[in-house]
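Enquirer: Take a look at the following structure, please.
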Amino acid sequence: MSQLTTGLGIDIGGSGIKGAPVDLAAGEFLQERLKILTPEHATPAAVAEIVARIAEHFPVAEGTPLGVTFPGVVQNGIVHTAANLHGHWVGTDARALFARATGRKVRVLNDADAAALAEARYGAAKGVRGVVLMTTLGTGIGTALVVDGRLVPNTEFGHLEIDGHDAETRASSGAKEREDLSYHTWATERLHRYYRVLEDLVWPDLIVVGGGVSRKADKFLPHVDIRTPIVAASLRNSAGIVGAALAAAQDADQDAALDAAQDTDAGPAREATATPAEIVDDLA
């Protein structure tokens, strides 16, 4: 658990960008979230301006860790995919971009990864050991994998090829709406097939289903006939914001621990020769 009590999370989506300060002990918003529509041309500059506006809207969160989710693969702050936003995002250093826009240090991570962190700490996957697979059903399908509480970042199981198709083009809630499928048909003909393939590849102990459609989980989850327990996300659409704030707080805690270790008498003397294992032992 983070030693910090408050964080600020901002969740970037294809249709809206939303954020709120988060009580990290409870995983709940401290104030009502602010949502701003994603601009039609969601360039890095346009989105960064909105992120800055949301951060400035919450004076209670000034100085607290800031986490931002992104709907694509993010490695070390660099965006590698951006299916539902402007193509200029690919190759962008989002961490540096948002840091300049907000004037503060920022943690940037994939949106499904953030949701999974939140569900593992506060929601449907809390206390679950083993492998938890998170899927977010929306315009596309986001996925995340948590193993014994540790995140395996940037899984892209929404883009598995199944029966000759990119999975999310047939199994997402966007596909359901586009093809005007009933919940029953969507569950039995699309989701059933998708989750059967996933469980044969990953063998999870639990599948958690998030995204906006999860609030209507009773209409479709009972019709998904698979061997793995499958449940709706508890935090619903707040999971991304909560998970972003949590991830940023965890980074801040790690930075503080490293700073404290370097301030000890032994720290400076061993800095040049200590191995990674020795450093971990010192922090344990």
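Enquirer: Within 14 Å, Cβ to Cβ, of Phe29, how many net charges do the neighbouring residues add up to if Lys/Arg are +1 and Asp/Glu are -1?
Expert: Values: positive: Lys18, Arg33, Lys35, Arg236; negative: Asp11, Asp23, Glu28, Glu32.
Overall, the nearby charge balance is 0.
Enquirer: Could you run the Karplus curve 6.51 cos²θ - 1.76 cosθ + 1.60 with θ = phi - 60° over the stretch 248-258 and give me ³J(HN,Hα) per residue in whole Hz, x for Gly and Pro?
Expert: 5, 5, 5, 4, 5, 4, 5, 4, 5, 5, 5
Enquirer: Sequence gap at least 6, Cα distance under 8 Å: using those rules, report the relative contact order of the chain to the nearest whole percent. The partial results should precede the final answer.
Expert: On the way: 572 pairs, mean separation 58.4, N = 284.
It comes to 21 percent, rounded to a whole number.
Enquirer: Return the lysines within reach of Lys216: Cα separation strictly under 18 angstrom, same-chain partners fewer than 8 residues apart disregarded; answer none if there are no such residues.
Expert: Straight-distance partners of Lys216: Lys176.
Enquirer: Placing unit charges on C-beta atoms (Lys and Arg positive, Asp and Glu negative, everything else neutral), compute the dipole magnitude of the chain about its Cα centre in debye, rounded to 20. Walk me through the intermediate numbers first.
Expert: On the way: 25 positive and 37 negative charges, 175 e Å.
Computed charge dipole of the chain: roughly 840 debye.
Enquirer: At 1.4 Å probe size, put Trp89, Trp203 in order of accessible surface, largest to smallest.
Expert: On the way: Trp89 0, Trp203 160 Å².
Largest accessible area first, the list is Trp203, Trp89.
Enquirer: Roughly how far apart, in whole Å, are the Cα centres of the stretch 1-73 and the stretch 100-162?
Expert: 16 Å
Enquirer: Any idea which of Val146, Gly103, Ala55 is furthest toward the positive side of the dipole for the chain, if Lys and Arg beta-carbons carry +1 and Asp and Glu beta-carbons -1?
Expert: Ala55
Enquirer: Ignoring ligands, DNA and RNA, please state the percent of accessible area on the chain from carbon and sulfur, probe 1.4 Å.
Expert: That fraction is 50 percent.
Enquirer: Based on the alpha carbons, how large is the Rg to Rh ratio for the chain when Rh follows Kirkwood?
Expert: Details: Rg = 19.5 Å, Rh = 19.6 Å.
Ratio value, two decimals: 1.00.
Enquirer: Measuring with a 1.4 Å probe in the full set of protein chains, what accessible area per residue, in whole Å², belongs to the chain? Before the final figure, lay out each step's value.
Expert: Values: 13590 Å² over 284 residues.
Normalised by residue count, the accessible surface of the chain is 48 Å².
Enquirer: What does the charge add up to near Gly210, with Lys and Arg as +1, Asp and Glu as -1, over the other residues with Cβ less than 13 Å from its Cβ?
Expert: Working: positive: Arg215, Lys216, Arg236; negative: Asp11, Asp111, Asp113, Glu119.
Computed value for this residue: -1.
The values are calculated or read from the model by the stated rules, or taken from the named source; none is laboratory data. Keep in mind it's a predicted model, so treat the numbers as computed, not measured. Note: ideal-geometry Cβ built from the backbone for every residue, glycine included; neighbour counts use all protein chains shown. Side chains included, ligands, DNA and RNA excluded: accessible areas come from the protein's heavy atoms. Shrake-Rupley method; radii C 1.70, N 1.55, O 1.52, S 1.80 Å.
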